[in-house]
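Trainee: After the structure tokens below, expect a handful of questions from me.
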Amino acid sequence: MITKSRKTMVLCACLVVFGLSIDSSARRSHITAEQRAKLEKIQTVYLDVLALTENGKTPSDDLTSVIKLRLEELGYNVVTDRKTQADVQFWVKCEEQKRWKGTTRSGGDAELADSPSRLWKGPACLFTYRLDGKDLGWYKETRTDFQDAYAAAKKAKVKKSGQYAMSQLKLKLQEFDFPVMVASEWGHTNRLAILLEAPETSKARKLRILATLSKIQAKEAFPHLIKLAHDENDEYAEGAIIALAGLGRTATPILTDIFVTPKNSRVQAAAAKGLGLIGAHSGDPAITPPLLDYLNKNLEDMDESSDIDFPVLTEVVWSISKLRNDKSIVPIEQLTLRIWLIRDNSEEMKELRDAANVATKMVDLDYQIM
């Protein structure tokens, strides 16, 4: 039986195969080519930070300093003087009790991670920007761990709840990666690639950048991702391999090489998954032969669970299911028979059986015609 999570994965794969992109860039098609060109040329950012407590407006110097420093880490020239000429206006509003409860307009990304929550009424900072004075519908939000600022301040033995809320939001601003989000929004993948190479960039941040690059066509990051994919310490290899898949067919040869000459199972599984993602997005037939070779070779000596490298084989089967190929039909049918004859009710085997069941239906469309 196919689990609910796997059904969701299959549905997402089908959406991609039929050209229905689910990332924010597709939904925000109201941005014109001229506006996109201007966004890509942004160098100087005018920063305006507003801090509001229940007692009214409060100084925002500390918040401004943190936001300015973090944007400068990506190479932006940040100015706070309204009279200074800038390429874009970056607005941040931090409130003790959030008043803004709207959603992005049609075509926005309200349902994406880190977007504003209409249900949140506690301390929060809202990020947005304006190009030539026009709001382009990009909103992100970071929130404190508590919703009741008064109760949290009392527990921390701080008299003024507004002061406490702002101090906690400042801590959130130091860790919330809005610079990476807005750099991706503006198409500045070269800045993200440089940040990946910086020795002072933390592992957590590198992984966030890799996740971002995997969702966009980041050709400028290609050499950086290749280097990380071959990381001798294997620290970022998996994330880089998945990120490479976002580049489409360009990455097929390098991912194929990583798959057929793996350092370990985790890296090989990541390469198999990456090839499947490319196949789902581009329909590139070159992804199938190495995956089928692996499957056929494993079928030769598959008599019990110990003969199976579950992480790799499961990803191979899921990837094969994403691209129709007549040569896949017989091996998938043989695999399905073998794994059901093996007496094994482990979670790993259940996942492999789920993948095989789905692949049977996906690679052989005639199977569904009765």
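The values are calculated or read from the model by the stated rules, or taken from the named source; none is laboratory data. All figures in this text were calculated on a predicted structure; none of them were measured in a lab. Note: ideal-geometry Cβ built from the backbone for every residue, glycine included; neighbour counts use all protein chains shown.
This table checks each residue for (1) modelled with pLDDT under 95; (2) within 25 Å of the chain's Cα centre (by Cα); (3) under 24 Å from Gln35 (Cα atoms).
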position	(1), (2), (3)
Thr103	yes, yes, yes
Ala149	no, no, no
Leu171	no, yes, no
Glu175	yes, yes, no
Val180	yes, yes, yes
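Trainee: If you don't mind, there's one more thing I want to ask. With the requirement that a residue be assigned to a helix (DSSP H, G or I) and among the hydroxyl-bearing types (Ser, Thr, Tyr), what does the stretch 327-349 give you? Working first, answer last.
Mentor: Quick first cut of the stretch 327-349, residues assigned to a helix (DSSP H, G or I) only: 327-341, 347-349.
Within the stretch 327-349, Ser328, Thr336 meet the criteria.
Trainee: Determine whether Lys98 is surrounded by fewer than 17 Cβ atoms within 10 Å (Cβ to Cβ) and at pLDDT below 95. Before the answer, list the steps.
Mentor: Numbers: surrounded by fewer than 17 Cβ atoms within 10 Å (Cβ to Cβ): no; at pLDDT below 95: yes.
So Lys98 fails the test.
Trainee: Turning to a different aspect of this structure: Listed residues Ser265, Ser167; which is under 29 Å from Trp91 (Cα atoms) and among the hydroxyl-bearing types (Ser, Thr, Tyr)? Even if it seems obvious, please write down each step before you answer.
Mentor: Working: Ser265 fails: under 29 Å from Trp91 (Cα atoms).
After applying the criteria, what remains is Ser167.
Trainee: Within the group Leu291, Leu341, which residue is assigned by TED's automatic domain parsing to the domain that holds Asp234, in contact (Cβ under 8 Å) with a residue 24 or more places away in the chain and not aromatic (Phe, Trp, Tyr)? Before the answer, list the steps.
Mentor: Values: Leu341 fails: in contact (Cβ under 8 Å) with a residue 24 or more places away in the chain.
Only one candidate qualifies: Leu291.
Trainee: A further question on this structure: For the stretch 269-287: of the residues being in a helix (DSSP H, G or I) and touching a Ser or Thr at 6+ places or on another chain (Cβ under 7 Å), which is farthest from Pro311 (Cα to Cα)? It would help to see each step written out before you state the result.
Mentor: From the stretch 269-287, those in a helix (DSSP H, G or I) are 269-282, 285-287; that's our starting set.
Filter again for touching a Ser or Thr at 6+ places or on another chain (Cβ under 7 Å), leaving 272-273, 275-276, 278-279, 286-287.
Working: Ala272: 10, Lys273: 10, Leu275: 15, Gly276: 14, Ile278: 19, Gly279: 19, Ala286: 22, Ile287: 18 Å.
Residue satisfying both the conditions and the ranking: Ala286.
Trainee: If you scan the stretch 193-210, which residues turn out to be surrounded by 14 or more Cβ atoms within 10 Å (Cβ to Cβ), touching a helix residue (DSSP H, G or I) at 6+ places or on another chain (Cβ under 7 Å) and assigned to a helix (DSSP H, G or I)? I'd like the intermediate steps shown before the answer.
Mentor: So the first thing to find is which residues in the stretch 193-210 are surrounded by 14 or more Cβ atoms within 10 Å (Cβ to Cβ), and the list is 193-196, 201, 205-210.
Now restrict to residues that are touching a helix residue (DSSP H, G or I) at 6+ places or on another chain (Cβ under 7 Å): 193, 195-196, 201, 206-210.
If the condition is that a residue be surrounded by 14 or more Cβ atoms within 10 Å (Cβ to Cβ), touching a helix residue (DSSP H, G or I) at 6+ places or on another chain (Cβ under 7 Å) and assigned to a helix (DSSP H, G or I), then Ala193, Leu195, Leu196, Lys206, Leu207, Arg208, Ile209, Leu210 are the ones that fit.
Trainee: OK, next. Just to check your reading of the model, which residue among Val312, Val260, Val330 is under 24 Å from the mean Cα position of the chain (by Cα) and free of Cβ contacts under 8 Å to residues at least 60 places away in the same chain?
Mentor: Numbers: Val260 fails: under 24 Å from the mean Cα position of the chain (by Cα); Val330 fails: under 24 Å from the mean Cα position of the chain (by Cα).
Among Val312, Val260, Val330, only Val312 is under 24 Å from the mean Cα position of the chain (by Cα) and free of Cβ contacts under 8 Å to residues at least 60 places away in the same chain.
Trainee: Please count how many residues of the stretch 213-230 are among the β-branched types (Val, Ile, Thr) and either part of a loop (DSSP other than H, G, I, E, B) or crowded, with 21+ Cβ neighbours inside 10 Å (or both). Spell out how you get there, then give the answer.
Mentor: We begin by selecting, within the stretch 213-230, every residue among the β-branched types (Val, Ile, Thr); these are 216, 226.
With either part of a loop (DSSP other than H, G, I, E, B) or crowded, with 21+ Cβ neighbours inside 10 Å (or both) added as a condition, the list becomes 216.
Selection size over the stretch 213-230: 1.
Trainee: Still on this structure, please answer the following. In the stretch 53-91, how many residues are exposed (fewer than 15 other Cβ atoms within 10 Å of the Cβ), assigned to a loop (DSSP other than H, G, I, E, B) and hydroxyl-bearing (Ser, Thr, Tyr)?
Mentor: Count: 1.
Trainee: Something else: State the number of residues belonging to the stretch 124-145 that are of a type outside the set (A, V, I, L, M) and surrounded by 17 or more Cβ atoms within 10 Å (Cβ to Cβ). Full working, then the answer.
Mentor: Step one: of the stretch 124-145, the residues of a type outside the set (A, V, I, L, M) are 125, 127-130, 132-135, 137-145.
From the residues that got through so far, the ones that are surrounded by 17 or more Cβ atoms within 10 Å (Cβ to Cβ) too are 125, 127-129, 137-144.
Going through the stretch 124-145 one residue at a time, the tally reaches 12.
Trainee: Can you pull out every residue in the stretch 121-170 that is closer than 12 Å to Gln97 by Cβ, touching a strand residue (DSSP E or B) at 6+ places or on another chain (Cβ under 6 Å) and of a type in the set (Lys, Arg)?
Mentor: Arg143
Trainee: Could you count how many residues in the stretch 115-170 are in a strand (DSSP E or B), of a type outside the set (S, T, N, Q) and touching a Gly at 6+ places or on another chain (Cβ under 9 Å)? I'd like the intermediate steps shown before the answer.
Mentor: Step one: of the stretch 115-170, the residues in a strand (DSSP E or B) are 124-131, 134-135, 140-143.
Those left that are additionally of a type outside the set (S, T, N, Q): 124-127, 129-131, 134-135, 140-141, 143.
Retained after the next criterion (residues that are touching a Gly at 6+ places or on another chain (Cβ under 9 Å)): 143.
Number of matching residues: 1.
Trainee: Condition test on Ser265, is it under 18 Å from Asn357 (Cα atoms), among the small types (Gly, Ala, Ser), in contact with a helix residue (DSSP H, G or I) (Cβ under 6 Å, 6 or more places away or on another chain) and assigned by TED's automatic domain parsing to the domain that holds Asp354?
Mentor: Values: under 18 Å from Asn357 (Cα atoms): no; among the small types (Gly, Ala, Ser): yes; in contact with a helix residue (DSSP H, G or I) (Cβ under 6 Å, 6 or more places away or on another chain): yes; assigned by TED's automatic domain parsing to the domain that holds Asp354: yes.
When the stated conditions are applied, Ser265 does not pass them.
Trainee: Tell me, yes or no, whether the stretch 182-190 has at least one residue that is buried (at least 17 other Cβ atoms within 10 Å of the Cβ), touching a strand residue (DSSP E or B) at 6+ places or on another chain (Cβ under 6 Å), assigned to a loop (DSSP other than H, G, I, E, B) and aromatic (Phe, Trp, Tyr).
Mentor: No, the stretch 182-190 contains no residue that is buried (at least 17 other Cβ atoms within 10 Å of the Cβ), touching a strand residue (DSSP E or B) at 6+ places or on another chain (Cβ under 6 Å), assigned to a loop (DSSP other than H, G, I, E, B) and aromatic (Phe, Trp, Tyr).
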